[in-house]
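Undergrad: Sharing a structure, written as structure tokens. Questions coming.
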Amino acid sequence: MKKIVMLSAAATLAIFTMATQAQEATTPAAAEAATETNQPATEVVAEASAAEATTEAAPAEAAPAGEAISEDSDHVKKLIALHPKLISRIAPYGKVCFDGEECDINITVLAPAVEGEARPGDQLYKAICATCHDAGLVGAPKVGNAGDWGPRIGKGKATLYDHAINGFNAMPARGGADISDDEVKNAVDYMIGQSS
């Protein structure tokens, strides 16, 4: 994908340059042809451009569809060398996976609850809480960052439990999952333990 994006940018630049050079080259010839045929020079240039476009389009149509992508040009290599983060900045953010195809996305599945028994905090965190608390999404305190968690821990566990169970700011109640109060407390205790 990276090569295709870079090649398309380089190809666009090359086509523009070729079109400009072709127009400059045909302008004197068009003026001579206009004097011979008594037509305005702009009509002759338009006819010449149309003829060139049809001759250039014919080889492109004849190219096989399964042709491999060629190596990056020197200009593209220089751009990549000058801007090492360019490829990562223009890379796709997400990925779509379909049934039956292999996908390199890891999904943590939460084991089913046993009736009357609360699941451990680390399993709950990995399956539910990590989505926001690993990356710090929407102001969520990052697990392991004492600076984020210090003021929250200072308010007491009862406040943390209440916010986790009932929701607080952008955090949905119970993290948006269908889990018991004891399981929410186990997850909160796990995050506190990792962040103290």
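The values are calculated or read from the model by the stated rules, or taken from the named source; none is laboratory data. Quick caveat, the model's predicted, so the values are computed rather than measured. Reconstructed Cβ throughout: ideal geometry from the backbone, glycine too, with neighbour counts over all protein chains shown. All accessible areas refer to the heavy atoms of the entire protein, side chains included, with ligands and DNA or RNA removed. Shrake-Rupley method; radii C 1.70, N 1.55, O 1.52, S 1.80 Å.
Undergrad: Where Lys and Arg each count +1 and Asp and Glu each count -1, what net charge lies around Lys142 among other residues with Cβ under 12 Å from its Cβ?
TA: -1
Undergrad: Moving on to the next point. Using a 1.4 Å probe on the protein heavy atoms only, what accessible surface does Val143 show? Give it in Å² to the nearest 10.
TA: Using a 1.4 Å probe on the heavy atoms, I get roughly 40 Å².
Undergrad: Ranked from the most accessible area to the least, with a 1.4 Å probe and all protein chains present, what is the order of Ile179, Ile15?
TA: Final ranking, largest accessible area leading: Ile15, Ile179.
Undergrad: Right, something else. Tell me the per residue accessible area of the range 140-196 using a 1.4 Å probe; a whole number in Å² is fine.
TA: 55 Å²
Undergrad: For the range 180-196, just list the computed ³J(HN,Hα) in residue order, Karplus coefficients 6.51, -1.76 and 1.60, θ = phi - 60°, integers in Hz, with x standing in for Gly and Pro.
TA: 7, 4, 5, 5, 4, 5, 4, 5, 5, 4, 4, 5, 5, x, 6, 10, 7
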